[in-house]
Every structure is written in structure tokens, then in C-alpha cells.
1. Given a 1.4 Å probe and every protein chain left where it sits, what share in percent of the accessible area of the chain is carbon and sulfur?
2. Would you mind pulling out the separation of the Cα centroids of region 192-236 and region 60-103, in Å?
3. In sequence order, what are the phi-derived ³J(HN,Hα) couplings for region 102-113 according to the Karplus relation 6.51 cos²θ - 1.76 cosθ + 1.60 with θ = phi - 60°, rounded to whole Hz, with x for glycine and proline?
4. What residues have an amide H closer than 5 Å to that of residue 274, excluding those fewer than 5 places away on the same chain, when H is modeled at 1.01 Å from N in the peptide plane?
5. Which of the lysines could be linked to residue 451 by a straight reach, that is with a Cα gap under 16 Å, when you skip same-chain ones fewer than 8 residues away?
6. Take the eigenvalues of the Cα gyration tensor for region 256-314, scale each by 5, and report the square roots as semi-axes in whole Å, largest first.
7. In debye, nearest 20, what is the charge dipole magnitude of region 65-316 about its Cα centre with +1 on Lys and Arg Cβ and -1 on Asp and Glu Cβ, if you could check?
8. In square angstrom, what is the accessible area per residue of the chain with a 1.4 angstrom probe?
Amino acid sequence: MVYPKPARRSWAEPWKVKMVELLKLITPEQRLRSIEEAGFNTFLLRSEDVYIDLLTDSGTNAMSDIQWSGLMLGDEAYAGSKNFYHLWEAVTQHYGYKYLVPTHQGRGAEHILSRILIKPGDFVPGNMYFTTTRLHQELAGGTFVDVIIDEAHEPANEHPFKGNVDLVKLQQLIGEVGAKRISYVSVAGTVNMAGGQPQSMANMRALRELCRLHGIRIVLDATRAIENAYFIHQREPGYQNWKIAEILKEYCSYTDTCTMSAKKDALVNIGGWLATNDQGLFEEARNLVVVFEGLHTYGGLAGRDMEAMARGIVESVDDDHMRSRVGQVEYLGQHMLDWGIPIVKPIGGHAVFLDARAIYAHLPQSQYPAQALAADLYVDCGVRAMERGAVSSGRDTKTGEERFPKLELVRLALPRRVYTQAHMDVVAESILATYERREQARGLRMVYEPKYLRFFQARFERI
Ligand code: F0G
């Protein structure tokens, strides 16, 4: 093989590997058996049967030696653990909120927040739904209203900030139902279900003004807000000389409260929090957390988990870290673009999203093309991805009808600091091979459907 002389100087990850976990690739026959036994649902595969696991970037991060050594400094006191205060300091310093309530993970914070702020009959507008977030809003009696810009629903649209809130849609909702019946505006940066797409600072600032005018709160889903800050740095005029840490702080400053799944940006395997500037909300949340999660100074976590989070936050806002994290996603996505494989554009922050509706164009959405594509991809080379389409979207709570979203996607989410460029090459080639066989693909029929968040446990058969 002849390597061409490079046109540019390369840039590598700002870390080196100290410990490895061995991987195994089982045979094609075994993979076929495994996916059948899993009811064609990649959530039901055993991790041992997976070669490269891109199911999620949640809790799958590799921690640094600094984080691991923090685990040894866990203060496992029932109350007042010093790690809790370290976490509080890190959140205040980097996200800017005054008060902190730790929770076992993101949905713990969503549950508590929804119980406090949503009254039955309320509306909760947001920049596209997320599965657990919307479910907690609905369980509290609220109705989610999608107010993301239309571009977000079009996979091929290259708008640089597809996570933006459509202020006209929001204004219309306020006009129709009145500000009093809007619990809060639920804003995620970046937007997972839209393909890991960011919201611009200008949009957040304008949203802040509109909400101030009407006395409506903004609650940030800060799960991947640092990836959002990275995109602002890359794409929004005026931010090129800013540190990502500075952008994050300004971004959060336009919101009153945040919920957080620390299993993503914060580089840990478990943890989350609710943070706020509102003392009244803080006191209620601190009280409710005792009922559902654990005492207000541990929220369902061990002291060592909070220490790993506190240290992870510091590493997560580093410019070089974010560049390599999002850069790896871009590396994988660029292969798809170069080979003409339909994906959500622009390439997102945490994952590459295959456009299953376009790839399996011969399958109707009622046969779950994204679910089928994720299963086929696993069989090809043991790469595990996730459906983000009709199965994830579930049923309308009022009519019971299936919701068929415009986006019918397969998500390949990249754990942070876990896989190498060579792994990405293997993944890209497996997607290409599956893509080239697309005309032979068959759809799926759902044969088991759980009531809540059905995508986790639903089972299917080949049609
Ligand atoms: N918000 C967003 C944007 C998320 O992506 C997630 C989880 C949550 C909230 C809930 O957090 O899992 O800690 O309870 N997303 C995972 C994923 C499951 O694979 O995207 P959690």
C-alpha cells in the first residue's frame, strides 16, 4: 500500500490509553441467532455478543486516571459527603447555577422537576421531544408541544442550528393557551432526536427575551450542552476566540434551571442532577428527592460517583477534549457523506444518524425501517446501533394511535474516549456493506409492546 503525502498536519486525541478491555467478534451465524433471540431489538442483545457498541453515548464513557483515583476518595457518609460539595462547586463554576440537587441519572431529575412545575392541563413546549423527558411531562399531566424550527425535521437540510426554537410557533402557543398554562419551555442543547443538532446563542438569547416578557421559565436539558457550546464556537459569528467553558456559562445563564444526565457530557458511567437559581424550586426539589432518589446530598449516588462527576465536569469543558470528541463523530459521518449514504446533516455532536426512511425507501414506516436497519447492521459486523423513529416515538397518549415522526433514523452514538479511528473505519465499512444490500431488506412486525418507552423492550418478527 502506498500512502499519499498528507495535505495537512494531523491532530490527535488529547489522551493515551492506560488500560484496555478485550473485544470479541462472534460469527455471522451467532449474530443472526442473537438478533432473533433479541426480537430484532438491539436493546435486548447481550453486550458480550456486540463487537463495537454504538447503542448509546450514555454512561459508556471512559474515565480518566484522575477520575478513577477520585473513586478512591469517596466519602460514603449518608449525609453531607464532601464529594457532594465538590460536585456542587463544579456545577456552580462551570454551569453557573446556584443550587444543586443530585439525582441517580437524568430521568430522576426530570421526574422531580415535572412533578414540581407541571399542573394537569399544562403545556410544555420544547425543541423536539426526548423520550424520558416527554414521558415525565405527560405523567405529570402536561402536554408536550414541539416548537423546534421546521428544518429540524428534514434530514438533508443543512441549517447550522437545527436545534433552534421557532419563536413564532412558541408565540402562537402562548396566544392560544396563555402563558399561565405553560409550565416552562423545555430546551435541549444539543437536540438528541433531531440528530445531535445545536441551538445558537442568538436563538437562546431571543427565547430568553420572549419568555421574560411573558413570565415563562426556561428549563435547559444540559445533557449535551457542552457539545452545543462547541458548535457555537465553530459556527456562530463572534465566538471563535471564546473558550468552550465561557460559551457554556453564557448559554446556561439564559435559563433558570437545568436537568442533567451526567452520563453523557460529564464523562461518567452514572449520575445526574437538577440545578437552579430559584431558591423556592430548589427547596421543593431537595424535599422531593428524598422521596424518590435518596437524601439531598447524594440523590441515589455513592460519594465516589459524585467525585468522578465533579472531576469529569472539569475535563469535559476542555477545548481539546471537545474537539476530539465531536471530531470523531465527524470522521465517521464524513465517510457516509463521501459514499453518498443518506444521513442527518449537518453531522451531529454525539452520533451519526442514518436516514432509514431514505435507505430502506421500499419499506413503509409501519414496518419500522429504522428498527430493521439497526438489526441488519448488527448482523453484518456486530455493530450495535439504536432505532430513533416510529418505535421510539410511541403512541399518542390521548388517541392511542402510533406516532409516525418525520425522522425515521438509526443512531450510531459514540462513547467518549472509548473507540479508535480504526474502529470507526470498521463501522463505516459495515454500514456501506449493509447499504449496498438495501434492496433485499425486509420490514418488521411488532409482536410485543410495553406500555412505557416501548423501544427499550419491544419485540419484533421479520415480515
Ligand atoms: N435528556 C437527553 C437529551 C438524553 O439524551 C437522555 C438520555 C436523558 C435526558 C435522560 O437521561 O438516561 O440519564 O436518565 N439519553 C440516553 C441516550 C438514554 O441513549 O440518548 P438518563
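The values are calculated or read from the model by the stated rules, or taken from the named source; none is laboratory data. Everything quoted here is computed from the prediction, not taken from an experiment. Because the Cβ atoms are built from the backbone with ideal geometry, glycine has one as well, and the counts that use them run over all protein chains shown. SASA here: full protein model, heavy atoms, side chains in, ligands and nucleic acids out. Shrake-Rupley method; radii C 1.70, N 1.55, O 1.52, S 1.80 Å.
1. Its accessible area is 52 percent carbon and sulfur atoms.
2. Taking the Cα centre of each part, region 192-236 and region 60-103 sit 25 Å apart.
3. Taking θ as phi minus 60°, the curve returns x, 9, 5, 6, x, 5, x, 5, 4, 4, 5, 4 Hz for region 102-113.
4. Sorted by chain and number, the residues that satisfy this are 101, 103.
5. 398
6. Ellipsoid half-lengths, sorted descending, are 20, 14, 9 Å.
7. So the dipole magnitude of region 65-316 works out to roughly 340 debye.
8. 43 Å²
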